[in-house]
Every structure is written in C-alpha cells, then in structure tokens.
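Everything on this sheet refers to the single structure shown next.
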Amino acid sequence: MKLTRRTFCAGLGGVAGLSFIRPATAQTPTLTARKATVQLAPEGYPATDVWSYDGTIPGPMIRVPQGGRVQQTLVNELDVPTSVHWHGIRIDNAMDGVAGLTQDPVAPGERYDYDFVVPDAGTYWYHAHTNSMEQVGRGLSGPLIIDESTPPDVDRDEVLMLNDWLLDPDTGAFSEPFAHPMMMSHGGRTGNLIGVNGQFAYALTARTGERLRLRLINAANARIFVLRLQGMAGWTVALDGMPLDAPEPATSEIILAPAQRVDLIVDVTATPDDPAGILMSLNNDGWEALVEMTVSGSTERRPDAPAPLPANPNTARPDLNDAQQFEMVMEGGAMAGMDSAMYQGETLDFRALIDRGQFWALSGQAGMSETPFASLNQGAVARVTLINRTAFAHAMHLHGMHFREVRADGSLGPLRDTILSYPEQPLEIAFVADNPGKWLFHCHMLAHAASGMNTWIEVV
Ligand code: C2O
Ligand code: CU
C-alpha cells in the first residue's frame with residue numbers, strides 16, 4: 001500500500017503518545033468583527049444595530065500577563081474593510097493595525113493574524129483603525145488588560161469602559177451620517193446616550209472598607225469625561241497604562257479625554273445606604289451618576305495608602321538637552337478656521353478644504369502626507385510644541401511610544417499616549433523615539449482625525 005498523508009495519519013490512530021505527533025495546540029483565538037443587535041439604550045427603548053467584536057459591546061476583554069503575547073485572528077464578517085489597533089501598546093510596528101500605513105485593510109470575508117508581545121502592564125484598549133470615526137462609533141472597541149506579575153493588593157479589579165453613542169431614541173439606530181460636517185468642524189461626534197461597559201445603568205456593588213482597582217477607559221468618539229468619586233477615597237496609580245512614580249490622591253476632578261485611561265485604587269468609605277459611585281459633570285451643569293455603587297456589609301479598611309504599581313521597563317526620562325525640536329500648529333474648525341493648507345499635494349483655501357471634507361490642519365497639512373511630520377533616528381529625543389489655534393480641545397495621540405509633558409518649569413509629567421490640548425494654551429511633549437516604524441500622530445476626537453487632524457512620524 002502506498003503511504004499517503006491520509007493513510008499515514010489513519011495508521012497512527014491506535015498508537016497514542018508517539019513523540020513525533022505534535023501535541024494539539026490551542027487554536028489562535030479569533031476576534032470576529034460582525035453586526036449584532038445590542039440593548040444600549042435603557043430598558044423600554046429599542047435595541048441598536050451595532051458593529052461589534054464577537055457580538056458584544058464592548059468587545060471581549062483581552063487579558064494577558066505582562067511580557068506575554070497577544071495572538072488574535074481578526075475575522076472580518078462586516079461588509080466593509082477593517083483592521084484592529086492596540087491602543088497604547090508599545091508594539092511592533094507591523095502589528096499596529098493602521099490601515100494604509102502599517103497594513104492593508106482586511107477585506108470583508110478575510111482574516112488577519114495579529115501576534116505581538118506586550119512589554120508593559122496596564123490598562124489599554126483595542127479598536128478599529130479603518131474609517132475609525134464610523135467603525136469605533138458603531139461599536140468596534142474593547143478592553144485590553146495587561147497584568148502585572150505582582151498585582152496590587154486590592155479586593156477587586158473592575159474595568160469600566162466609558163462610551164457615548166449618538167442614537168435616534170425612536171428607532172435605537174445610530175444617527176446618520178457619521179461624517180457630519182457640523183460634528184467634524186466642532187467638538188466631534190458627541191453622543192446623547194452615555195454608558196459604561198455597554199450599559200446605560202452599569203452598577204457596582206461593594207462593601208464598606210473594600211479596596212478596589214478601577215480601570216477607566218474612555219472609548220467615546222469625542223466626549224471628554226469630567227468625573228468625581230463619591231463615597232470612595234482613593235489614588236490615581238496609572239495614566240494611559242503607565243504607573244505613576246507614586247500614587248496621587250484623587251481628590252479633584254478626573255478629566256478623561258477620548259482614548260485616555262486612568263487606573264484608580266479606591267477605598268469604599270460610604271456606608272450602606274450612602275450614595276456612592278462615579279459622578280460625571282454634564283456641561284458644567286451639576287453632577288450625575290455615571291456608575292452607581294450599592295454598598296452593603298463592611299470589611300476592615302486597609303490602613304495604608306497603596307504602594308506604587310511596579311514600573312514598566314524602558315521608562316527613563318528623556319534628556320531634553322539634546323532633543324530635536326518640532327512645532328505642531330493646530331488650525332481650522334468652526335469659529336477659528338484657517339487661510340489654507342496642503343491637502344493631497346495641493347494648497348487649498350479653507351472653502352476648498354471644506355468641500356473636500358477637511359476642516360483641520362496640523363502645521364499646514366490636512367490629513368496624511370507623503371512624507372512624515374517628523375523623521376527621527378531611533379533613540380533620538382523629540383520635543384514637540386503643540387500650538388492650538390483652534391477654538392476646540394484636541395486629544396492628541398501618538399502611536400507606538402508614550403511621551404511626557406514638558407511643563408513650564410522644565411519638569412516632566414507622567415508618561416501618556418494621549419494628551420488634551422486646549423485652545424491658546426501652549427503644550428509641549430517629549431519622547432524617546434525608540435520604536436522603529438511609521439507611527440500615526442492624530443487627534444482622538446475621531447471626527448477631527450477624519451477631517452484633517454491626522455499625521456505620522458517615522459522612526460528609522
Ligand atoms: Cu486609539 Cu490611532 O488610535
Ligand atoms: Cu481634535
């Protein structure tokens with residue numbers, strides 16, 4: 001009998017444990033981008049047709065130990081091309097998920113294997129990075145948690161993914177169009193329904209005295225959350241995934257721009273029946289509950305403040321003395337406008353830019369350019385002054401590397417991957433260009449990125 005692959009394998013059927021039979025390895029997990037219907041609005045309102053990962057809002061939590069590998073096969077069951085970006089991970093450039101820059105978009109019906117090592121512990125997230133304004137707006141995002149090898153001493157670890165959606169309350173459908181000129185030229189697509197972990201009334205339960213780690217992720221398209229703790233006393237221990245050198249008492253408002261994360265460690269101080277939870281300020285017009293916490297029972301409160309989270313590798317402060325200087329002028333939008341900018345190789349005036357759906361420019365360039373905003377040698381230190389000549393705040397996000405704010409007194413702020421720039425308030429950031437590749441630098445108000453505030457740097 002001729003030995004074929006089939007008979008060969010069949011012939012081995014009865015011989016268990018032969019060492020040359022490869023052990024069955026776990027299949028690479030899949031992340032399926034597909035349509036689903038989800039109850040985002042409160043009970044009594046219609047459900048919403050969303051674009052989801054694996055049918056849920058938010059997508060499934062991906063959780064791996066620090067230094068481990070994320071392996072996920074994106075399966076695209078949508079009718080449009082898509083890709084996944086792993087926000088805040090200091091990732092290998094080829095895995096960054098930016099369609100048109102680091103990979104081709106994944107066509108409907110196709111698959112794409114993401115496989116990368118996660119160097120840093122912390123709170124991250126993943127989201128679509130092809131036509132992000134619409135795809136993230138329709139639900140394509142989820143939490144990505146990288147665990148420290150020695151986790152902090154807490155009773156529970158809660159991931160809270162904050163989002164808002166712009167829905168028609170009568171039908172539950174997303175308001176169309178996504179590329180709305182009014183939203184693009186103003187503050188972005190701000191929703192009329194705010195939720196946590198995909199739910200309108202997400203609630204926590206706790207006992208008095210418990211210590212909780214709260215991981216807040218702002219997955220909203222444009223909303224800046226202004227938050228305050230009620231019935232809890234705590235500390236900020238990490239920003240955008242990166243541990244602070246020392247926990248900072250979270251006594252004042254917590255401002256969370258789109259894409260930003262904050263890790264809090266809090267002690268529950270409320271006693272049963274006391275109001276407790278996370279409050280948000282809506283248009284500076286009073287506070288209301290974002291997350292309610294029901295307190296019952298009690299436990300001994302820990303006497304000491306939490307220890308700092310273990311530092312991530314490769315987080316030394318850059319030496320500013322031999323830094324390369326760049327200036328990024330942000331222009332455009334309603335109420336400020338601009339004279340002209342380059343768009344696809346042409347200089348256009350503001351009217352002509354608007355006709356092409358471009359409302360914003362970064363240093364005279366609307367949208368992506370052939371050449372990078374900055375080209376840096378690996379290991380170089382870059383300082384970028386952000387000059388906001390618009391009438392709006394922008395959440396500027398750099399892919400691939402975290403940066404620090406250079407404060408007015410020359411000191412350096414904590415590591416971040418996204419920072420809010422306010423109108424007419426100069427802001428400077430510095431980073432070590434230690435991750436080779438092509439990295440986007442854009443506003444995370446996704447309607448702004450889609451209409452001009454999107455550029456890239458290169459590390460060679
Ligand atoms: Cu959340 Cu271009 O990224
Ligand atoms: Cu912006």
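The set of residues in segment 273-286 that are touching a strand residue (DSSP E or B) at 6+ places or on another chain (Cβ under 9 Å) and loosely packed, with under 15 Cβ neighbours inside 10 Å comprises 273, 274, 275, 282, 284. Within segment 371-386, at least one residue is under 24 Å from residue 244 (Cα atoms), of a type in the set (Ser, Thr, Tyr) and not assigned by TED's automatic domain parsing to the domain that holds residue 102. Residue 418 meets the stated requirement of being in contact (Cβ under 8 Å) with a residue 24 or more places away in the chain, polar (S, T, N, Q), under 21 Å from residue 448 (Cβ atoms) and within 16 Å of ligand 1 (Cβ to nearest atom).
Restricting to segment 378-395, name every residue that is more than 16 Å from ligand 1 (Cβ to nearest atom), touching a strand residue (DSSP E or B) at 6+ places or on another chain (Cβ under 8 Å) and small (Gly, Ala, Ser).
379, 380, 382, 393
Residue 280 satisfies every condition listed in (1) modelled with pLDDT under 95; (2) within 23 Å of the chain's Cα centre (by Cα) except (1).
Quick one: in segment 334-393, which of the residues that are β-branched (Val, Ile, Thr) and more than 30 Å from residue 412 (Cα to Cα) is nearest to the chain's Cα centre (by Cα)? Don't jump to the end; show me each part of the working.
Filtering segment 334-393 for residues β-branched (Val, Ile, Thr) gives 347, 354, 371, 381, 384-385, 387, 390.
Restricting the remaining residues to those that are more than 30 Å from residue 412 (Cα to Cα) gives 347, 354.
Working: 347: 33, 354: 28 Å.
Restricting to residues being β-branched (Val, Ile, Thr) and more than 30 Å from residue 412 (Cα to Cα), the top hit is 354.
Only a single criterion out of (1) of a type in the set (A, V, I, L, M); (2) away from ligand 1 (no atom under 16 Å from the Cβ); (3) touching a residue at least 60 places away in the same chain (Cβ under 8 Å) is not satisfied by residue 457, namely (2). Residues that are among the polar types (S, T, N, Q), surrounded by fewer than 20 Cβ atoms within 10 Å (Cβ to Cβ), closer than 16 Å to residue 276 by Cβ and in the same structural domain as residue 282 (by TED's automatic domain parsing): does segment 180-198 have at least one? No, segment 180-198 has no match at all.
Kindly indicate whether any position in segment 337-348 is outside the structural domain of residue 447 (by TED's automatic domain parsing), at pLDDT 95 or above and in contact with a Phe, Trp or Tyr (Cβ under 7 Å, 6 or more places away or on another chain). Give the derivation first.
First, the residues of segment 337-348 that are outside the structural domain of residue 447 (by TED's automatic domain parsing): none.
Within segment 337-348, not a single residue is outside the structural domain of residue 447 (by TED's automatic domain parsing), at pLDDT 95 or above and in contact with a Phe, Trp or Tyr (Cβ under 7 Å, 6 or more places away or on another chain).
Residues of segment 81-115 that are over 17 Å from residue 444 (Cα atoms) and of a type in the set (S, T, N, Q): 82, 93, 102, 103.
Taking segment 358-386 on its own, how many of its residues are within 16 Å of ligand 2 (Cβ to nearest atom) and either among the aromatic types (Phe, Trp, Tyr) or within 17 Å of residue 324 (Cα to Cα) (or both)? I'd like the intermediate steps shown before the answer.
If we filter segment 358-386 for residues that are within 16 Å of ligand 2 (Cβ to nearest atom), which is where we start, we get 358-363, 365-368, 373, 384, 386.
Narrowing the set further to residues that are either among the aromatic types (Phe, Trp, Tyr) or within 17 Å of residue 324 (Cα to Cα) (or both) leaves 359-360, 363, 373, 384, 386.
Total meeting the criteria: 6.
Scanning segment 372-386 for residues that are out of contact with any Ser or Thr (no Cβ under 8 Å at 6 or more places or on another chain) and crowded, with 17+ Cβ neighbours inside 10 Å yields a count of 7. Scanning segment 266-295 for residues being in contact with an Asp or Glu (Cβ under 9 Å, 6 or more places away or on another chain) and hydroxyl-bearing (Ser, Thr, Tyr) gives a total of 1.
Restrict the check to segment 216-230 and report whether at least one residue is in contact with a Lys or Arg (Cβ under 8 Å, 6 or more places away or on another chain) and surrounded by fewer than 23 Cβ atoms within 10 Å (Cβ to Cβ). Reasoning before the result, please.
In the first step, residues of segment 216-230 are kept if they are in contact with a Lys or Arg (Cβ under 8 Å, 6 or more places away or on another chain); the result is 216-218, 221-222.
Then keep just the ones that are surrounded by fewer than 23 Cβ atoms within 10 Å (Cβ to Cβ); that gives none.
The answer is no; no qualifying residue exists.
The values are calculated or read from the model by the stated rules, or taken from the named source; none is laboratory data. All values reported here derive from a predicted model rather than from experimental measurement. When we count neighbours, we look across all protein chains shown, and the Cβ atoms used for this are built from the backbone with ideal geometry, even at glycine.
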